[in-house]
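Peer 1: If you scroll down you'll find the structure; I have some questions about it.
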Amino acid sequence: MIQLCGAGKRYGHKLLFEDVSWLITPQDRIGLVGANGAGKTTVLRILAGLETLDDGSISTAKQITFGYLPQHGLSLSGRTVFAECMDVFSSMRALQQEMESLTHRMADLDVTAPEYARVADRFHRLEHEFRTNEGYALEAKVGTVLAGLGFRKQDWHRSAEEFSGGWQMRIALAKLLLEQPSLLLLDEPTNHLDLDARNWLEQYLAEYPHAFVLVSHDRYFLEVTVSKIVEIWNKRLHYYAGDYEKYLEQKRQRREQLEAAYRTQRERIEQLEVFINRFRYQATKAKQVQSRVKELERMERVELPPEEKTIHFTFPQPKASGRIVAEFREVTKNYGRQEVFRRVSFLVERGDRVALVGANGAGKSTLIKLLALCEPLTAGEYRIGHNVQTDYFAQDQYKELDSEARILNDLGRLSSRSTETELRNLLGCFLFSGEDAFKKIGVLSGGERNRYALLRMLLQPANFLLLDEPTNHLDLRAKDMLLQALAKYTGTMVFVSHDRYFIDRLATRVFEVGDGKVEIYPGNYEDYLWRKQGGASALPDPGHTAQHRREREEKQSAADKPQSKEIPGRRVNPIKLQHMKHRCQELEDEIARVEVAIQQREESLQRFVSSEETLRLTQQLKQLRAELDNLLPEWEQLAEVLEQQ
């Protein structure tokens, strides 16, 4: 579909990549990864035809269409949200208008006239094309995509310019998804999406009929959407089959193989050099020496690329607080006539890692601000526990920093026991490398200052952390560093994040915020979703129950252990076991339904109606059998595990 040959790109003296060859096929689902500044966005822009190569060539098949979503910068105005999305189908709407015009002409013509036959023929051809392209479902398609991306129905007919930059990017994404280009190019598509919208986008991309290449720092999103990983590293593109986890494993294995080949070659080189040096001046060995000299000259040397540094840094642990860290009693919060919370009660206990989830605008940031005492209560009572020290990281935390201070000096004052090397390594992990360490804080962008503010907080953590979107502006490596630090943190935290992997690995409780309420669920995000799907109900106040405390302590102790898939013979966590039983029952019901449908289609095929009906039934039968083939392995695996319990 599209191919790069010997491609190279540089900006001034900086070489991004060179001698790159890459073939993208029509059904590829590719995740493009690499360090910040490696050239991921540039590659997407080259594929979209917005930038040119300095070396090599790019070729595309005929009739290929491209759709590119940048990280930011798009602005729409002049039409409603719904009209903007319907504009994607302008050709189909023109077809519909012509059909309406032809309908009026046929109404005015004599049915026996030759002109009527010509008009009717044209109408039927257009109507067939319109129906084939699902023209009668255009508005339903638009509604489905807008709802999936978080637009309420009352927002569909608001003017696009009324929405903030993040929501404008959602409109642009909706238009691209509806357009369905041959190659979809998405640069950080989840940046402006909440968890519900991300989950919907994951499902949409799983069923996307064409190829896509996406850049994302959301590890879980990459896990469930892509089947190939392309990494920009060491000025080359490296290709890996499978999802992100498989990429990490393959990269480790490739590195080990390269190191083994390097060691083997070094041993051979040393043997040859020892022989040459030993017998160089002996005439009787001249032929053998010359042979080994030629072997050295012909040898293609194995080179080890620079190894990516793994940063290990131990953050200081906070002083212990009392068992109860924070308590809401019948709390109400209003902004004028707008009610955000209504008589909300809950406990946060020592060691809790509470993730706040909910749609954008549901009140997650407001709840964090109430806990941080940055907002007053309208009614109710908020109690902070004994010896609790609160620290709050806001989305605009950079405003609290000293603009005139230099980064390294400012960090050194906070952590006087750390060496300059340790601090610079840590800064590098948070994407401040080289001369960046000596920049004044005032010259940093908003995202850079937020990253630095997060780093400062972690150097001297309080025992009750309130974090509002701490993973924003971080790449995968920095997110892993932050996750490791917070996993070892012994205090209590409440955090907002739209990163599914981050929540799954960190949370011990999930608070769902919305409709003026706070619903409380034990466990991580996976457990929360299972309960939302009917596995169990939310707990009104699990902080008061001994059972929940035991359950949470088990979760916390398991959080630091390696994650592995369940295998037969091993005891399964009771919550997970119930989830598996529920899923097994669902599969059994679904298998029964599919088997009945297969039997019905097979019986119908025994009675000939028409060739079109036979073709339709055959296609349905093929799809149902494929569906059954997909269901049976999962059911067998679950049944085998459940039999061992």
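The values are calculated or read from the model by the stated rules, or taken from the named source; none is laboratory data. Quick caveat: nothing in here was measured; it's all calculated off a predicted structure. Positions of Cβ are generated from backbone atoms using ideal geometry, with glycine treated the same way; all protein chains shown enter the neighbour counts.
Peer 1: So is L193 assigned to a loop (DSSP other than H, G, I, E, B) and either touching a residue at least 40 places away in the same chain (Cβ under 8 Å) or more than 16 Å from Y68 (Cα to Cα) (or both) or not?
Peer 2: Answer is yes for this residue.
Peer 1: Anything in the range 181-196 that is modelled with pLDDT of 90 or more and touching a Gly at 6+ places or on another chain (Cβ under 9 Å)? List them, or say none.
Peer 2: P181, S182, L183, L184, L185, L186
Peer 1: Would you point out the residue of the range 420-471, among those that are surrounded by fewer than 18 Cβ atoms within 10 Å (Cβ to Cβ) and outside any helix (DSSP H, G or I), that is modelled with the lowest pLDDT?
Peer 2: Per the criteria, the residue is S445.
Residue-by-condition table, conditions (1) among the charged types (D, E, K, R); (2) within 28 Å of E223 (Cα to Cα); (3) assigned to a helix (DSSP H, G or I):
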position	(1), (2), (3)
W22	no, yes, no
I30	no, yes, no
A38	no, yes, no
L44	no, yes, yes
G56	no, no, no
K62	yes, no, no
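Peer 1: Surrounded by 15 or more Cβ atoms within 10 Å (Cβ to Cβ) and not polar (S, T, N, Q): is that true of V111 in this structure? Please lay out each step first, then the result.
Peer 2: Values: surrounded by 15 or more Cβ atoms within 10 Å (Cβ to Cβ): no; not polar (S, T, N, Q): yes.
Here the answer is no, as V111 does not meet what is asked.
Peer 1: From the list G39, G31, G56, G78, pick out the single residue that is over 30 Å from G428 (Cβ atoms), surrounded by 15 or more Cβ atoms within 10 Å (Cβ to Cβ) and not aliphatic (A, V, I, L, M).
Peer 2: Just a single option satisfies the conditions, and that option is G56.
Peer 1: Scanning for something crowded, with 19+ Cβ neighbours inside 10 Å, touching a strand residue (DSSP E or B) at 6+ places or on another chain (Cβ under 9 Å) and free of Cβ contacts under 8 Å to residues at least 60 places away in the same chain, does the range 175-184 turn up at least one residue?
Peer 2: Yes, the range 175-184 contains at least one residue that is crowded, with 19+ Cβ neighbours inside 10 Å, touching a strand residue (DSSP E or B) at 6+ places or on another chain (Cβ under 9 Å) and free of Cβ contacts under 8 Å to residues at least 60 places away in the same chain.
Peer 1: If you check D218 against the conditions, is it in contact (Cβ under 8 Å) with a residue 60 or more places away in the chain, under 22 Å from Q3 (Cα atoms), among the charged types (D, E, K, R) and crowded, with 17+ Cβ neighbours inside 10 Å?
Peer 2: No; evaluated as a whole, the condition is false for this residue.
Peer 1: Of a type outside the set (S, T, Y), in a strand (DSSP E or B) and either modelled with pLDDT of 95 or more or touching an Asp or Glu at 6+ places or on another chain (Cβ under 9 Å) (or both): is that true of E327 in this structure?
Peer 2: yes
Peer 1: I would also like to ask the following. Among the residues of the range 414-434, what is the count of those that are closer than 20 Å to H473 by Cβ and among the charged types (D, E, K, R)?
Peer 2: Going through the range 414-434 one residue at a time, the tally reaches 1.
Peer 1: In addition: Can you name every residue in the range 98-124 that is at pLDDT below 85 and either among the polar types (S, T, N, Q) or part of a loop (DSSP other than H, G, I, E, B) (or both)?
Peer 2: Answer for the range 98-124, where residues must be at pLDDT below 85 and either among the polar types (S, T, N, Q) or part of a loop (DSSP other than H, G, I, E, B) (or both): L109, D110, V111, T112, A113.
Peer 1: May I pose another question? Count, please, the residues in the range 176-190 that happen to be over 27 Å from E134 (Cα atoms) and in a strand (DSSP E or B). It would help to see each step written out before you state the result.
Peer 2: Filtering the range 176-190 for residues over 27 Å from E134 (Cα atoms) gives 187-188, 190.
Going one step further and asking which of them are in a strand (DSSP E or B), we end up with 187.
Qualifying residue count for the region: 1.
Peer 1: Kindly list the number of the only condition in (1) within 29 Å of G523 (Cβ to Cβ); (2) modelled with pLDDT under 90; (3) assigned to a helix (DSSP H, G or I) that fails for G322.
Peer 2: It is condition (3) that G322 fails.
Peer 1: May I pose another question? Which pairs have Cβ atoms under 8 Å, sit 6 or more apart or on different chains, and link a residue in the range 232-254 that is more than 17 Å from L4 (Cβ to Cβ) to one that is part of a helix (DSSP H, G or I) and β-branched (V, I, T)?
Peer 2: D243/V224
Peer 1: If you scan the range 451-491, which residues turn out to be among the β-branched types (V, I, T) and in contact with a Pro (Cβ under 9 Å, 6 or more places away or on another chain)?
Peer 2: So in the range 451-491, the residues among the β-branched types (V, I, T) come out as 471, 490.
Once the filter is applied, which keeps residues that are among the β-branched types (V, I, T) and in contact with a Pro (Cβ under 9 Å, 6 or more places away or on another chain), the range 451-491 yields only T490.
Peer 1: Considering only the range 272-287, I want to know if a residue exists there that is surrounded by 11 or more Cβ atoms within 10 Å (Cβ to Cβ) and touching a Phe, Trp or Tyr at 6+ places or on another chain (Cβ under 7 Å).
Peer 2: Yes: the range 272-287 contains one or more residues that are surrounded by 11 or more Cβ atoms within 10 Å (Cβ to Cβ) and touching a Phe, Trp or Tyr at 6+ places or on another chain (Cβ under 7 Å).
Peer 1: Condition check: within 30 Å of H498 (Cα to Cα) and surrounded by 11 or more Cβ atoms within 10 Å (Cβ to Cβ). Does V142 satisfy that?
Peer 2: Against the criterion (within 30 Å of H498 (Cα to Cα) and surrounded by 11 or more Cβ atoms within 10 Å (Cβ to Cβ)), V142 qualifies.
Peer 1: Which residues, counting only those in the range 237-268, are closer than 19 Å to D475 by Cβ and surrounded by 13 or more Cβ atoms within 10 Å (Cβ to Cβ)?
Peer 2: If the condition is that a residue be closer than 19 Å to D475 by Cβ and surrounded by 13 or more Cβ atoms within 10 Å (Cβ to Cβ), then L237, H238, Y240, D243, Y244, Y247, L248, K251 are the ones that fit.
Peer 1: Right, next: If we keep just the residues of the range 150-165 that are free of Cβ contacts under 8 Å to residues at least 60 places away in the same chain and assigned to a helix (DSSP H, G or I), which is surrounded by the fewest Cβ atoms within 10 Å (Cβ to Cβ)?
Peer 2: So the residue we want is Q154.
Peer 1: Quick one: Q203 ticks every box in (1) buried (at least 19 other Cβ atoms within 10 Å of the Cβ); (2) within 28 Å of I503 (Cα to Cα); (3) of a type outside the set (S, T, Y) bar one, so which box is it?
Peer 2: Going through the list (1) buried (at least 19 other Cβ atoms within 10 Å of the Cβ); (2) within 28 Å of I503 (Cα to Cα); (3) of a type outside the set (S, T, Y), Q203 breaks only (1).
Peer 1: A follow-up question, please. I need every pair where a residue in the range 483-495 that is assigned to a loop (DSSP other than H, G, I, E, B) has its Cβ under 7 Å from the Cβ of a residue that is of a type outside the set (D, E, K, R) and surrounded by fewer than 17 Cβ atoms within 10 Å (Cβ to Cβ), sequence separation at least 6 or different chains.
Peer 2: Here the result reads T490/Q317, each pair linking the range 483-495 to a residue that is of a type outside the set (D, E, K, R) and surrounded by fewer than 17 Cβ atoms within 10 Å (Cβ to Cβ).
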